[in-house]
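A short worksheet on the structure shown next.
Just so you know, all these numbers are worked out from the coordinates, no wet-lab data involved. All figures in this text were calculated on a predicted structure; none of them were measured in a lab. Using ideal geometry, Cβ is built from the backbone for each residue, glycine included, and neighbour counts are taken over all protein chains shown.
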Amino acid sequence: MQTLAHFGDGGPGPWILLFPLFWALVVGLGITLLRRTGWRGRRGPHGPAARDDSPLAVLGRRFASGDIDEEEYWRRLSVLEEQFGRRG
């Protein structure tokens, strides 16, 4: 019988199937490691990460901390959206 590279005649037999599985596992682990460590700072789950010092983020923090009231927040937000445009 001529299966798995002549298993009975001294070929590698069923062990030959482990090599592609091994390399698929190595590549998969490498991609997982890169996604969890190296690419985390550049991308978030929904695209590029927002900058913490952007005007919209600063305005949101000021509103959350109570520095400005709701009316001033909405007024400034409308001005910022006109100037910078809404992304997404």
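Between Arg62 and Leu18, full extension at 0.36 nm per residue minus the direct alpha carbon distance yields a gain of 10.1 nm.
With a simple spin-label model that places each label point 7 Å from the Cα along the Cα-to-Cβ direction, the separation between Leu25 and Ser78 comes to 6.2 nm.
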